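Working notes for the structure below.
Just so it is clear, none of the values below were taken in a lab; they were calculated from the coordinates. The structure presented is a predicted model; accordingly, all values stated were derived computationally and were not measured. All Cβ positions, even for glycine, are placed from backbone atoms using ideal geometry, and neighbour counts span all protein chains on display.
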Amino acid sequence: MVGIVIANVSKRFGQTVAVDGVSLRIERGELFFLLGPSGCGKTTILRMVAGFCEPDEGEILFDDRPMGAVPAHRRNTALVFQNYALWPHMNVAANVAYGLEERKVPKGDRTRLVARALERVRMGELAHRMPNELSGGQQQRVALARALVIEPDAVLLDEPLSNLDAQLRLEMRHEIRRIHDETGITMLYVTHDQKEALSMADRVAVMSIGRVEQIGDPRSIYRTPANRFVASFIGETNLIAGTLVSVEGEYGCVRTALGEFRARLGSALTTPGSKVECMVRPECLHLGQGGDNAFRATLASSVYLGEVEQLVVEAGGLELRAVTANPSASAPGGGATVDVHFASDDAIVLPAQSEGGSR
């Protein structure tokens, strides 16, 4: 396995800047995610790492080895596509063995390596089936086995679960994480699915318009987003506009249309008098009295989903979303006045968009 260094890399296609000065370091054995909306440059980075296209500026290194002069077939990486890319006329074992045949691995060794790879993805009993006899999840397992069988230094995954239904995606998330943990191979995974990244990654780079907005572990990115874009892209959020009144240690006091709130300061520098936004996740808004930050609101609507209830409350001209876990048998009706509060540790002060939010 290798560590992957992406050093100040840019890539243009005509007048379009697909990747704009991106720098990342993916550690050996890490499951690292590139997360962002369509067109943000994440797949272009993956293709440059694979060697399918070269940076216009900057360089890519495997450990300390520059890859600029190394063609794709010499980089010892394996790419897992979203459409599986299995040969329809070959059975499962033959599909997995294809890369070994290209590398002139002796037949006896091929048989052993294919069997081990298929057992690793729990497909050993289906080695003689054809691709059209497999479910989508089984085909994706075969694609993973084909990537692993050549013993690559890194596995590159390009939205591998996007063609699966919701239940299969959940199953394959666990499978890919298990396979990564068992093999210890460096994996670079591209997706636009926030749940995939949050549930699987060691670390995540959130991208927008060709640039990296934030890098960190899933928990820190979700709880402490760097700016408005990250806060809004990673899950649902409420953003309450206001002015930073004072700073005390790691906390700030924000004056808003709903009152003054105390919240954690974000990573961006903010000074008293700055226009800011107080970010609160829906699950951190609680109905009832108590807490550091309290205000009164009108219950606009509620949707009961069994294990949770989704609420919309209105206050100060704002619509705010709340999520209640394990809701009670009865709830206030629409139009009811309700008390709402949130803890200071569950809110974060971000610069207002015009003062350093997302581009």
field: Under 23 Å from the Cα of Lys195 - lysines, other chains or at least 8 residues apart
entry: Lys42
- prompt: Relative contact order, percent, of region 228-355 when contacts are C-alpha pairs under 8 Å separated by at least 6 residues?
  reply: 31 percent
- line: Between the modelled labels at Glu54 and Glu27 (7 Å from Cα along Cα→Cβ) the distance in nm is 3.3 nm
- line: Taking every C-alpha to C-alpha distance in region 251-359 and binning by 10 Å from 0, the per-bin percentages run 14, 43, 29, 12, 1
statement: Rounded to the nearest 5, the percent of DSSP beta bridges in the chain running antiparallel is 75 percent
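What ranking do 223-233, 115-125 get when scored by the average of other Cβ atoms within 10 Å per residue, highest first?
Highest to lowest by the protection proxy: 223-233, 115-125.
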message: Under 10 °C and 1.306 mPa s, how fast does region 111-209 diffuse according to Stokes-Einstein, given a Kirkwood radius computed over C-alpha pairs? Answer in µm²/s, whole number.
response: 111 µm²/s
Amide H within-cut-off set for Leu31, under 5 Å, with H built and near neighbours excluded: Met187, Asp202, Arg203
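What net charge is computed for the residues neighbouring Thr191, neighbours being all others with C-beta under 12 Å from the C-beta of Thr191, Lys and Arg scored +1, Asp and Glu -1?
0
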For region 36-45, 3J(HN,Hα) per residue [Karplus equation, 6.51 cos²θ - 1.76 cosθ + 1.60, θ = phi - 60°, Hz, x = Gly/Pro]: x, x, 4, x, 8, x, 5, 5, 4, 4
- line: Computed from the beta carbon distance with a Förster radius of 45 Å, FRET efficiency for Ala343 and Arg116 to the nearest 0.05 stands at 0.35
- prompt: Comparing Val338, Val190, Val92, which has the greatest mean-square fluctuation in the GNM of the chain with Cα pairs linked when under 10 Å apart?
  reply: Val338
task: Report the label-to-label distance for Ser10 and Arg219 in nanometres (one decimal), using points 7 Å from each Cα along the Cα→Cβ vector.
output: 3.8 nm
message: Sort 156-163, 76-83 by the packing proxy (mean of other Cβ within 10 Å over each peptide's residues), most packed first.
response: 156-163, 76-83
task: Starting from the coordinates of the alpha-carbon atoms of region 4-223, obtain the Kirkwood hydrodynamic radius over all distinct pairs and give the value in Å to one decimal.
output: 17.9 Å
task: Could you please rank Glu57, Glu196, placing first whichever residue has the fewest other Cβ atoms within 10 Å of its Cβ?
output: Glu57, Glu196
- request: Count charges around Ile4 for me, please; just the other residues with Cβ under 10 Å from its Cβ, Lys/Arg as +1, Asp/Glu as -1.
  value: -2
field: Relative contact order of the chain, pairs being alpha-carbon contacts under 8 Å that are 6 or more residues apart, as %
entry: 16 percent
- request: Assign one of three labels to region 123-282, namely rounded, prolate or oblate, based on the Cα gyration tensor with a ≥ b ≥ c the square roots of its eigenvalues; rounded applies when a/c is under 1.5, prolate when it is not and a/b is larger than b/c, and oblate otherwise.
  value: prolate
task: Mind checking the full-extension length gain between Arg74 and Ala166? Use 0.36 nm per residue of separation minus the Cα-Cα distance, one decimal, nm.
output: 29.5 nm
message: Pairs of alpha-carbon atoms within less than 8 angstrom and 6+ residues apart define the contacts here; what relative contact order does region 1-115 have, in percent?
response: 23 percent
- prompt: What is the spin-label model distance, in nm, from Ala268 to Leu61 if the labels are put 7 Å beyond Cα along the C-beta direction?
  reply: 3.2 nm
